[in-house]
Amino acid sequence: MHLPVALIFGPLTAIVALAILIRLYFKKYINNQQFVFHFFGSLICTVFVFFMGQWAFISFYFRWIFALLYITVFILTIIKRSKNKGGKGGLGSPFYIVGRLVFTFLIGFIVFTYFCARNYDGQAIKLKFPFRTGKYYVMQGGANRVSNPAHRNYSISKYGFAMDISKLYGTGNRAKGIMPEKLTDYAIYGDSVISPCSGKIMLVCDTVHNNPPGSFNIKNVHGNHIIIQCKGYRVFLAHFIKGHIFVKEGDFVKTGDVLGLAGNSGFSAEPHLHLNVFTDYDTEQYDEDVNKSESHKRKRDFIYDDFRYSGISTPFTLDGNFYIMNDIIEK
């Protein structure tokens, strides 16, 4: 399975940002009232692109350039408008007004929902950030579908608070190019993953090959992964490089111990670390006696029929912070 996500969303972010700037300055407004009406809509779109645009595919520095350009274009537009006399005609046709209001409301609702992704119920598990040094960003994470789309749209119970973490180069992008073919061109590839908690290694899978960038392994979705039994919760880390997990089942690890190297195995289009925390899990495997009817077996909706994979995804903080999409973490 191949999907060039970066080649789609990287240029799309830049195109949308540029379109906002061009439309704000060059649109012919009937009067100043229409300009103000349009400005508020463009401002909401700018907030949307600034916070939710896929800047890591090009560079996070570009979003600050975009913000600066927006302010500059707005000032230039104000100067241009001040030289023109206000015309008549209200805000425009009813079709324009209704269409603009509906569009602005939808974008505004998405932006509002994005910011609400930091809100969650209950007590969060406190973990240490799983990398030592560098600049990282959250590909997706948080408490709703806008900030954490792939995980929560698949299964809220199993992946509702899961997080994908990648790394940035000094240039503000996560790879040498929008979508390079070499895994070593991705900043996080081969980075040492450290244990976010102290506990016992319950499970290790270390036999899945890396995917070429843009490809997914739909048979072994978690790729090479680890499950750590901590005090009252389990930590799940996935997508390691094959043969580069340095712990084995039964080992006891302390917070900060090196577990392995971040890779691109499993259902992963590019190198990153998948991190999830489970509570309300089974403490021992249920009886597999074939003589018992199916109705006596516990029903599961998870691909791996094993008690170690059971549980409910629960919120967690990293070094005291609850992160959402496009948050940047510097260590």
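With springs only between Cα atoms under 10 Å apart, run a GNM on the chain and tell me which of G311, G41, G232 wobbles the most.
Top of the fluctuation ranking is G232.
Which whole-number percent is the relative contact order of the chain (Cα, under 8 Å, 6+ apart)? Working shown, then result.
Values: 677 pairs, mean separation 66.8, N = 331.
Computed value for the chain: 20 percent relative contact order.
With each label point set 7 Å from Cα along the Cα-Cβ vector, what nm distance links T279 and T133?
The two pseudo-label positions are separated by 3.6 nm.
Can you tell which of S215, P196, L168 lies farthest toward the positive end of the dipole of segment 125-330, using +1 and -1 charges on the Cβ of basic and acidic side chains (Lys, Arg; Asp, Glu)?
Result: L168, furthest along the dipole toward the positive end.
Relative to the present Cα-Cα distance, how much length would full extension add between I15 and K242 at 0.36 nm per residue of separation?
Numbers: separation 227, 0.36 × 227 = 81.72 nm, distance 3.75 nm.
Between I15 and K242, full extension yields an extra 78.0 nm.
Can you give me the Cα centroid spacing of segment 172-209 and segment 1-76 in angstrom?
Between the Cα centre of segment 172-209 and that of segment 1-76, the gap is 32 Å.
What residues qualify as long-range amide H neighbours of S155, i.e. H under 5 Å apart, gap of 5 or more or another chain, H built at 1.01 Å from N?
Hits under the 5 Å cutoff: none.
Report D for the chain in µm² per second (integer): Stokes-Einstein, Kirkwood Rh on Cα pairs, 4 °C, 1.567 mPa s. Don't skip to the end; give the middle numbers.
Numbers: Rh = 22.1 Å.
Estimated via Stokes-Einstein, D reaches 59 µm²/s.
Whole-Hz ³J(HN,Hα) for each residue in segment 218-233, computed from phi via Karplus 6.51 cos²θ - 1.76 cosθ + 1.60 with θ = phi - 60°, x for glycine and proline: what do you get?
The phi angles translate into 8, 8, 10, 4, 8, x, 7, 8, 9, 10, 10, 8, 9, 7, x, 7 Hz.
Residue-wise, which Karplus ³J(HN,Hα) couplings in Hz belong to segment 194-210, taking 6.51 cos²θ - 1.76 cosθ + 1.60, θ = phi - 60°, and x for glycine or proline?
With coefficients 6.51, -1.76 and 1.60, one gets 9, 5, x, 7, 9, x, 9, 6, 7, 8, 9, 10, 9, 10, 9, 6, 5 Hz.
Which helices, counted as full DSSP H runs in the chain, have an axial Cα extent of no less than 18 Å and a Kyte-Doolittle average of 1.6 or above?
Values: long enough: 5-26 (31 Å, 2.26); 32-52 (29 Å, 1.40); 61-82 (32 Å, 1.35); 94-116 (32 Å, 1.83).
Qualifying helices, which must be both long enough and hydrophobic enough, are 5-26, 94-116.
Return the sequence-ordered ³J(HN,Hα) values of segment 319-331 in whole Hz as given by the Karplus equation 6.51 cos²θ - 1.76 cosθ + 1.60 applied to θ = phi - 60°, using x for Gly and Pro.
Each residue of segment 319-331 in turn: 6, x, 10, 9, 9, 10, 3, 6, 5, 10, 10, 10, 10 Hz.
By the scheme Lys and Arg +1, Asp and Glu -1, what is the net charge of all other residues having a beta-carbon under 12 Å from that of E249?
Working: positive: K200, K248, R308; negative: D206, D251.
Around E249, the surrounding residues sum to +1.
Can you pick out the pairs among K126/K248; K135/K182; K80/K135; K28/K176; K128/K248; K219/K331 whose Cα atoms lie more than 30 Å from each other? Write out the running numbers ahead of the final one.
Numbers: K126/K248 24 Å; K135/K182 21 Å; K80/K135 41 Å; K28/K176 40 Å; K128/K248 21 Å; K219/K331 34 Å.
Cα-Cα > 30 Å for K80/K135; K28/K176; K219/K331; rest within.
Can you find, among P11, S42, Y25, the residue sitting farthest towards the positive end of the charge dipole of the chain, where Lys and Arg contribute +1 and Asp and Glu -1 at Cβ?
Y25
Considering the chain as a Gaussian network with a 10 Å cut-off on Cα pairs, which listed residue, V208, V47, V36, attains the greatest mean-square fluctuation?
Ranking V208, V47, V36 by mean-square fluctuation puts V36 first.
Please list the non-local residues whose amide H lies under 5 Å from the amide H of G256, H modeled 1.01 Å from N, same-chain partners needing a gap of 5 or more.
Under 5 Å from the amide H of G256: S195, C197.
Any read-out appearing in this document is the output of simple, stated calculations on the displayed coordinates, not a laboratory observation. Since the structure is predicted, the reported quantities are computational estimates derived from the model, not experimental observations. Cβ coordinates were reconstructed from backbone atoms using ideal geometry, including for glycine residues, and neighbour counts include every protein chain displayed.
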